[in-house]
Structures are given as structure tokens and as C-alpha cells.
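One structure below.
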Amino acid sequence: MRRPGLDAAVLICGACTMVLELVGSRLLAPYFGTSVFVWTALIGVVLAALSAGYWAGGRLADRCPDPRLLAGAIFLTGIYCAGLALLSDVLLTFVQHQFADLRLGSVISAGLLFGPPSVCLGLVVPYAVRLRLDAVEHGGATAGRLYALSTWGSIAGTFLTGFVLLAHFGHTVILWCVAAALGAASLLVWSAGGRAARIVLVAFALGGAGASEALGAVWRGPAFFDVDTAYNRIWIYDAFGGQGADPVRVMQINDEMSSKMFTARGGLADGYTPYYHLARHFKPDTGRVLMIGGAGYSYPKDFLRTRSGGRIDVVEIDPGVTALARRHFALADDPRLGIFHEDARTFLNRGHAERYDAILGDAFMSYSIPFQLVTVEAARRMHALLADDGVLIVNVIGSLEGPAGRLPRAFIATLKTVFPQVHVFAVRDPDDGALVQNLILVALKSSERPLFYSRDTELDRYLHHVWIREIPADVPVLTDDRAPVEELLSPVVSVLRRGSSNPWIRRWKNLVSAGRKKRAA
């Protein structure tokens, strides 16, 4: 066998291994999030499957060193990847519905989706070593060269996927390209390369991607957008409530409904976002505001609409999110709106000459939280960035009592080490400490005791949701060195997953409801 054909196949398979692992994070994101639990499941499953493939490949190669057998294994892996492009959402919907535990669901999903192809890709190098082994005295050099080629392919696949492919093509097209590349690699092994491999590569990529998009259009419906950005997988769709309810447009970032917008009228559609207006109660002369987390820019748009003066800066890590907000959520340029595309922690770390009257935090999701924003060090940065009588308002999800309250209690304890006052407002029920709900944390830089009533009827209604009972200090303070947010958040995730309906079923109900309303009109 010609060396270039086999070497090229090893290089391609090494690249495809890492492409699949990185794409896996996008496939699992809408169902299980992007926390360290998901990455642990992906990495652990792929490593376990590769090790099984190495072992099986070595034994199989010794018994039957036939290039056609290796080519068949690679080709079947390509077929499996094509199946992932077509059916991964169906499988993940089923697994999510069956397993409420985030860790177990992530491991099972990763195993079903990426275990079989990783085992087959693990076969490649030990089998190729046996095929290329001309003499025992050259065994070390042959194995070293082929493992180096596979590793270089993995490095190329990692950088190419993370820096280019996901942002520009999306996971579906990438999966079809992986299938095409593996199809070509199988021909390289079978026939030592040639024109046939290039023909199969082009046919797989074009025909497969077209079939996937056609099936996706039927499965998702006409009013559904599935977009990959450099940081996230994002769903945008129109939802309908009960009888007489106003239709809303939803932006779901990974597994979280991150933003809603009434499609027929203005105003804030999420129940917790109006609580950010408490900033003008605790600091009546609020003029300059910083918001951490943009998504659909619901509150910034409301701020600009309802306030004649003042300025709001928004730190949103993902430029793709802002572009989608402009396209689907009526975000427009405004001289009083500043947008910074960077990680919020790096923004806080840089420091700024002008301080803010209020900082609003809306980057904490139900299933995954950026740990670097809930630590003592982050709280100190926000404290330094506030005016002397400034206010920090942060939305978190959880309870105040019981296991599901461990993360909120830890964050409250963390804020209390920096701010002289921290008050909590329970959005749904201020008397039920075990209820998992939106919790609005208000940290004041001033030590002067505030009033908890207002002549403004809207603000007074929010102020009546203040939590008046003592909050247990039974969870360690969070630091950059130790912030186990995934572990603390897992009881909340279990509650939310048990109480939530299947996401695809919910989307089909929305589409059916939309069709009925159009026919009735």
C-alpha cells in the first residue's frame, strides 16, 4: 500500500476525533447546558471509547491485517456521523425526557452519540501500524510516525473547529463534512487514494448537508432558527401562551430561555426583569448603568424607552448574540447604549475611570453559571466599579432553603463579605423558602438602611417581595480558587428538569398553536 494514502487517512481520522468532541458540546448544549459536567461527560466518554478502540484495533489487526476491514470501519463511522446530523436532536430529546439528573443524562447522551464513532476512530492508528509494519526493527519508528500524524490531525481539528468552523458553518454542516471526510479516508485506505475519494467527499458534503437541512426544516418548523455562534448554540422561536395571551419571541442560549420579547407590543416579557427597576429606588439619581449579559437586550431596550436620560453599557461575550438581537429582537443603535463584546470578568478586571451608579447581573443561567462572576474577587471588582452609594442587582435561580438553595446562599454569603448590605427579593413567592424561583439579590455599597416601600406603585409591588427571614450561612464563600458552582447548582437543575416539558414537544405545540391562530384569523 502506498504510504501517502494510509498516512492521509490517519491524519483525517485524528482530526475528525476532535471535531466530533467539540461539536458534541453544541449538540448537548440545548439539553444539558455547557457546564463542566457536560464537558466531563464528553471528555470521559471519548477517552474511554478511544482506549477501547486502541485495544480492539491492535488485536483485530494482528488477526486480520486487511486494509479493506479498516476502510469499512472508517466508512461506517462516516455513516454514523451522517446519522448524528440527521437524528441527534431526536435522541437527545428522548434522553433528556428520561433522565432528570444532569450528570447521568450527559454521560448517557455522550455515550450514545460519540461512543461508537470514537471506538471506531480508535481502531485506526494501531491497525495502520500493523499495515505499515514492514519489519520488526522499524516498529517503533512506524508507530511513532503514525501516532504523531494522528495527534497533528487532532490538533488541526481542534483549532479549526473552535476558531473557525463552529462560528461560520454550524454543527450540522460540520457533521456532514466529517462524514464526507471519513468517506474519503476509507477510500484512501481501500484504494490508496485517487479521484474516487474526491468525488465521494464532494457528494457526501453537498448531498448530505442538503438532506439534513430539508429534514431539519420539517422537524423544527418554519418559525425556528437554530444558529451556532463562536460561543453558543442558539434557538430563536415564537411561543404562544394560553387563551388571550400575547405571543412572544424567545431566545434560548444553549439550554436556557435567556430572553423574551412581546412580538405585538413592547415591554418586558420575563417576570424577573422589571425588578431591575429597583435600581432607581435604592439609588434615585441612577444615571450610568452597567448590565452584565445581553441576550435579547430586553432590559437595555426598556431602559432606553422609559428613561429620558442616563446611559446603559452592556457587556455581552458573544457578538453573535448581539447580531441575532438586532435581527430578531428589534435592537437598534442608540447613543446612550454602549456594547462591549468580552467576558464580563475581564471587563471588570480592567477597571474604568468613570464609575457606575448601578450594576445589573443577568448572566447567571439555570443550568450553568460562569463561576468567575460569583466569587469574592469578582464582587470586589464590582464594588470598586460602583459609585459610593451604588447598587448591585443580580438575578439568580434557586431557593433560599433546602438543597436547591445552596448556590444562592453561597453567593449571598460571598456578597456579604464585600458589601455592607445584601437584600433578597423572591419574584414568585416571598414566603416559600423551598420554592425554586428567580431571586433578585440587591447589594448596597452604602451602609445606610433603605426603605422598603415606595410611592411608585410598581416599585412598591416589587419591594413587598423582600425576603424577611434569616438566610442560613451554611455554605462556604466562593473564591476564584474554589467555586464549585456546578455541584451547588445540581439540585436546582434536577428540580427544573423534572418540572420542564420536553423542549421539542413544546416547540411543536407552539407551532400548532400558531397555525390555529392564523386559521382563526
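The values are calculated or read from the model by the stated rules, or taken from the named source; none is laboratory data. Small disclaimer: the values here were computed from a predicted structure and weren't measured. A quick note on method: Cβ atoms are made from the backbone with ideal geometry, for glycine too, and the neighbour counts reach across all protein chains shown.
If you take the residues in segment 24-46 that are over 20 Å from Y80 (Cβ atoms) and β-branched (V, I, T), which one is modelled with the highest pLDDT? My answer is T40. Scan segment 244-301 for residues that are basic (K, R), touching an Asp or Glu at 6+ places or on another chain (Cβ under 7 Å) and within 16 Å of I359 (Cα to Cα) and the total you get is 2. Just one of the listed residues (V466, V442) is touching a strand residue (DSSP E or B) at 6+ places or on another chain (Cβ under 9 Å), surrounded by 19 or more Cβ atoms within 10 Å (Cβ to Cβ) and of a type outside the set (F, W, Y), and it is V442. Restricting to segment 333-383, what's the tally of residues that are outside any loop (DSSP other than H, G, I, E, B), of a type outside the set (V, I, T) and either outside the structural domain of E486 (by TED's automatic domain parsing) or free of Cβ contacts under 8 Å to residues at least 12 places away in the same chain (or both)? The number of residues fulfilling the criteria is 1.
Residues that are buried (at least 24 other Cβ atoms within 10 Å of the Cβ) and on the phi > 0 side of the Ramachandran plot within segment 377-424 comprise just one, G398. Applying a threshold of 9 Å to beta carbon distances and a minimum spacing of six or more residues, or different chains, the list of pairs starting in segment 210-238 at a residue that is of a type in the set (S, T, Y) and ending at one that is at pLDDT 75 or above and assigned to a loop (DSSP other than H, G, I, E, B) reads T229/D318; Y231/I317; Y231/D318.
Do you know which residues across segment 162-190 are of a type in the set (F, W, Y) and either within 18 Å of the chain's Cα centre (by Cα) or surrounded by fewer than 23 Cβ atoms within 10 Å (Cβ to Cβ) (or both)? Talk me through it step by step, then tell me what you get.
So the first thing to find is which residues in segment 162-190 are of a type in the set (F, W, Y), and the list is 163, 169, 176, 190.
F163, F169, W190, listed by residue number.
This table checks each residue for (1) within 15 Å of L28 (Cβ to Cβ); (2) of a type in the set (G, A, S); (3) not assigned by TED's automatic domain parsing to the domain that holds T34.
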residue	(1), (2), (3)
F94	yes, no, no
H97	yes, no, no
S109	yes, yes, no
L121	no, no, no
Y127	no, no, no
R132	no, no, no
R145	no, no, no
S150	no, yes, no
A156	no, yes, no
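Number of residues in segment 6-56 that are more than 29 Å from the chain's Cα centre (by Cα) and surrounded by 20 or more Cβ atoms within 10 Å (Cβ to Cβ): the value is 6. Collect the residues in segment 250-281 that are of a type in the set (K, R), in contact with a strand residue (DSSP E or B) (Cβ under 9 Å, 6 or more places away or on another chain) and over 24 Å from G390 (Cβ atoms), keeping them in residue-number order. Hit for segment 250-281 is K260, nothing else. For the list (1) within 20 Å of the chain's Cα centre (by Cα); (2) more than 16 Å from I253 (Cα to Cα), I need the number of the one condition that R350 fails. In the conditions (1) within 20 Å of the chain's Cα centre (by Cα); (2) more than 16 Å from I253 (Cα to Cα), R350 misses (1) alone. Within segment 57-78, one or more residues are charged (D, E, K, R), loosely packed, with under 15 Cβ neighbours inside 10 Å, over 19 Å from the mean Cα position of the chain (by Cα) and under 17 Å from A185 (Cα atoms).
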